[in-house]
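What follows is a single structure, written as structure tokens, with notes after it.
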Amino acid sequence: MYDYDVVFIGSGHACWHAALLLAKAQKKVAFVEEDTVAGTCTNWGCNAKILLDSPFEMVDGLDRYRGIGIDEAPSIDWTALMAYKKKVVTPVHTVLEGMFAQMGMPVFRGHGRLVDAHTVQAGDKRITAEYIVLGTGERPRRLDVPGEELVHDSRDFLDVDVFPKRIVFVGAGIISMEFASIAARMGSEVTVVHRNERVLSMYPARYVSRVVDKMKAQGVTFLLNHELAKVEQIGSDTVVTFTDESTLACDYVLGATGRIANVEDLGLEELGIATSSRGIEVDNHLRTSVPTIFASGDCVDKRIPKLTPTATFESNYIALQILGLSSDPIAYPAIPNLVFTLPRIAQVGVTLAEAEASPERWRIETVDFGKRLLFEAKNEADAEFAFVFSQETGLLEGAAFYGQDAGVWADLAAIVIDRKLTGRDLSQMVFTFPTASQALLSLLTPLLPL
Ligand SMILES: Cc1cc2nc3c(=O)[nH]c(=O)nc-3n(C[C@H](O)[C@H](O)[C@H](O)COP(=O)(O)OP(=O)(O)OC[C@H]3O[C@@H](n4cnc5c(N)ncnc54)[C@H](O)[C@@H]3O)c2cc1C
């Protein structure tokens, strides 16, 4: 009756994980994609970033041994690194496209738009499906100032062949701070401009201030409470003017003031599907107000972090719903999230700010891991764990980490939180030693109830 069982608008993580599960279950699926197949993470997000960041992380690590075996950390040849990124990351989407083709999942090229509850206009073709999944993602917010066309976004930055000598980052969120950490290491003249005082406002102030202090020591300037008024090209300088009329000349401006959901020209209004400033509104089964139309990933109006693993989680969830293998409302586990600054900051579960605001519910305990176990912490003396325990049960309900291995710690803490593990449970586990994961296990075990 329909052309397909399921049609996806978009082909990023929000879509293709579900498509794989559905295709394996013999469902007929198709994608509609207007840009490069596989979306942001694969082409100009996580993959490109981690490839480019990794040598910086290593050099940062070597720096901690300066004078005790290492004379000088090596410098990084950005142009060579970028050439490698283009060689390795650029073809990934073709691998995925090949896999989709092999599994009989066609990609219709062009803009996807809903026609009705079962029909999608895909470029100049019209296709029908029993279910439709919207996975249209987000795009960078453009600055609303004269000269905004001179401002680059994260996609441009992850493709830049010659590293700019003077660079201004507008915004002090995750993308800005991650890229500014790299730029500081490159020895560029770096300025981070932010409209208020809270850098990385979603993350614990005690760790953000350590990253900021380190970046300042590397020569980064933070212009807080500064608003852009305009951007101009004057000769070879890009000149940024602020609302207080002060100016700054640079070679490159990166605008990273947030991302906005792609909800325009999707036919949502005509079908009565509501959106907010955060994205498409869904119920607790990720269904829009039209029961045959789901939404998944970054384009969804949600409070949880918009990340690849959350898009993947939602995608798999939708597949199970469509296959009739689950009818439960979506229940997110504790979601660890990591900022790839140098060093990293990670958190999971109840935040330190939430715990500080409700001391009757939560108790925070910090462990100066770096000082206690300097050699295990790879000489990172200020690496630290902060645990949030329930006052009622004593169990772990949140954690924040500062240090190069913060991602590993946050993942392990997520398991402890989700499974409500006790000290006795942890005492039954054996990890490799001496490692970051074992350090967490041995330091957390005595802090939990038996
Ligand atoms: C610089 C950067 C770094 C990041 N780093 C990390 C990280 O380290 N870890 C992490 O977990 N997350 C990271 N993220 C976030 C992560 O990339 C996203 O959460 C993830 O890609 C969301 O997947 P998605 O499928 O929802 O959206 P997307 O991957 O954006 O896919 C949406 C797709 O839909 C297509 N599309 C949109 N509208 C239409 C339409 N009408 N018709 C047809 N096609 C359409 C788009 O072209 C796109 O291909 C990063 C993001 C950026 C920008």
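The values are calculated or read from the model by the stated rules, or taken from the named source; none is laboratory data. The model shown is predicted, which means the values in this text are computed figures rather than measured ones. Here Cβ is always computed from backbone atoms with ideal geometry, including for glycine, and neighbour counts include all displayed protein chains. Ligands, DNA and RNA are stripped out before the accessible areas are found, and what is left, the full protein with its side chains, is counted by its heavy atoms. Shrake-Rupley method; radii C 1.70, N 1.55, O 1.52, S 1.80 Å.
Once both labels are modelled 7 Å past Cα along the beta-carbon direction, what's the E269-Y84 spacing in nm?
4.9 nm
In nm, to one decimal, how far is the A353 label point from the S236 one, both placed 7 Å along Cα→Cβ?
It works out to 4.2 nm between the two label points.
If R₀ is 35 angstrom, what is the calculated FRET efficiency for the pair V162 and R419, using the beta carbon separation as r and rounding to 0.05? Don't jump to the answer; show the numbers that get you there.
On the way: r = 49 Å, r/R0 = 1.39.
Using R0 = 35 Å, I get an efficiency of 0.10.
What is the distance in Å between the Cα centres of region 115-169 and region 30-48?
Distance between centres, Cα-based: 10 Å.
For every other residue with a beta carbon closer than 10 angstrom to the beta carbon of P146, add +1 if it is Lys or Arg and -1 if Asp or Glu, then tell me the sum. Write out the running numbers ahead of the final one.
Working: positive: K230; negative: D144, E148, E149, E232.
Residues close to P146 contribute a combined charge of -3.
Using 0.36 nm times the number of residues separating M429 and R126, minus their current alpha carbon distance, what extension gain do you get?
Numbers: separation 303, 0.36 × 303 = 109.08 nm, distance 5.52 nm.
Length gained between M429 and R126: 103.6 nm.
Once you charge only the Cβ atoms, +1 for Lys and Arg and -1 for Asp and Glu, what is the size of the charge dipole of region 46-149 about its Cα centre, to the nearest 20 debye? Intermediate values should be presented prior to the final figure.
Details: 13 positive and 15 negative charges, 91 e Å.
The dipole of region 46-149 has a size of about 440 debye.
Might you tell me the accessible area per residue for region 1-48, computed with a 1.4 Å probe and given in Å²? Don't jump to the answer; show the numbers that get you there.
On the way: 1760 Å² over 48 residues.
Per residue, region 1-48 has 37 Å² of solvent-accessible surface.
Out of the chymotrypsin sites (Phe, Trp or Tyr not before Pro) in region 375-409, which ones are loop residues according to DSSP with at most 11 other C-beta atoms within 10 Å?
Working: sites: F375, F385, F387, F389, F401, Y402, W409; in loops: F375.
Loop-located and lightly packed - F375.
Report the extension gain between L443 and L62 in nm, rounded to one decimal, defined as 0.36 nm multiplied by the number of residues separating them, less their alpha carbon distance.
Values: separation 381, 0.36 × 381 = 137.16 nm, distance 2.56 nm.
Result: 134.6 nm gained on full extension.
Give me a comma-separated list of calculated 3J(HN,Hα) values for region 14-19, in order, Karplus coefficients 6.51, -1.76, 1.60 applied at θ = phi - 60°, integers in Hz, x for any Gly or Pro.
Residue by residue, region 14-19 yields 4, 10, 6, 5, 5, 4 Hz.
What list of ³J(HN,Hα) values in whole Hz, one per residue of region 339-345 in order, does the Karplus curve 6.51 cos²θ - 1.76 cosθ + 1.60 (θ = phi - 60°) give from phi, with Gly and Pro shown as x?
9, 8, 7, 10, x, 7, 10
If you plug each phi of region 193-203 into the Karplus form 6.51 cos²θ - 1.76 cosθ + 1.60 with θ = phi - 60°, what whole-Hz ³J(HN,Hα) values come out, in order, with x for Gly and Pro?
10, 9, 6, 10, 9, 8, 7, 6, 4, 7, 10
Probe radius 1.4 Å, ligands and nucleic acids ignored: give me the carbon and sulfur share of the accessible area of the chain as a rounded percent.
Details: 11020 of 20580 Å².
Carbon plus sulfur share of accessible area: 54 percent.
Net charge around S11, counting only other residues with Cβ within less than 10 Å of its Cβ (Lys, Arg = +1; Asp, Glu = -1)? Please report the intermediate quantities before stating the final value.
Numbers: positive: none; negative: E33, E34, D35, E97.
Net charge in that neighbourhood comes out at -4.
Would you mind computing, in nm to one decimal, how far apart the modelled labels at V290 and T36 are, each placed 7 Å from Cα along Cα→Cβ?
Result for the modelled spin labels: 3.0 nm.
Please state the relative contact order of region 127-273 as a whole percent: Cα pairs under 8 Å, 6+ residues apart? Spell out each step's value before the answer.
Numbers: 237 pairs, mean separation 51.9, N = 147.
Worked out over region 127-273, it gives 35 percent.
Count the lysine pairs in region 113-259 whose Cα atoms lie under 29 Å apart, taking only pairs 8 or more positions apart in sequence or on different chains. Don't skip to the end; give the middle numbers.
Details: K165/K214; K165/K216; K165/K230; K216/K230.
Taking region 113-259 as the scope, the lysine pair count is 4.
Sequence neighbours fewer than 8 away in the same chain don't count; with that in mind, list the lysines whose C-alpha is under 19 Å from K87.
Once the sequence-local lysines are set aside, what remains near K87 is K49.
How charged is the neighbourhood of V388? Take every other residue with its Cβ under 15 Å from the Cβ of V388, and add Lys/Arg as +1 and Asp/Glu as -1. Let's see the in-between values first.
Values: positive: R206, R361, R363, K420; negative: E354, E356, E360, E365, E384, E392, E397, D418.
In short, -4.
How big is the charge dipole of the chain about its Cα centre, in debye rounded to the nearest 20, if each Lys and Arg gets +1 on its Cβ and each Asp and Glu gets -1 on its Cβ? Don't skip to the end; give the middle numbers.
Values: 42 positive and 59 negative charges, 182 e Å.
Charge dipole of the chain: 880 debye, to the nearest 20.
Take the Cβ-Cβ distance between R372 and D77 as r, set R0 to 25 Å, and report the resulting FRET efficiency rounded to the nearest 0.05. Before the final figure, lay out each step's value.
Details: r = 37 Å, r/R0 = 1.49.
For R0 = 25 Å, the calculated efficiency reads 0.10.
From the Cα trace of the chain, what convex hull volume per residue do you get, rounded to a whole Å³? Before the final figure, lay out each step's value.
Details: hull volume 77.8 nm³, N = 450.
Spelled out: Cα convex hull of the chain, divided by residues, is 173 Å³.
Could you tell me how far the Cα centroid of region 312-390 sits from the Cα centroid of region 197-242, in Å?
About 26 Å separates the Cα centre of region 197-242 from the one of region 312-390.
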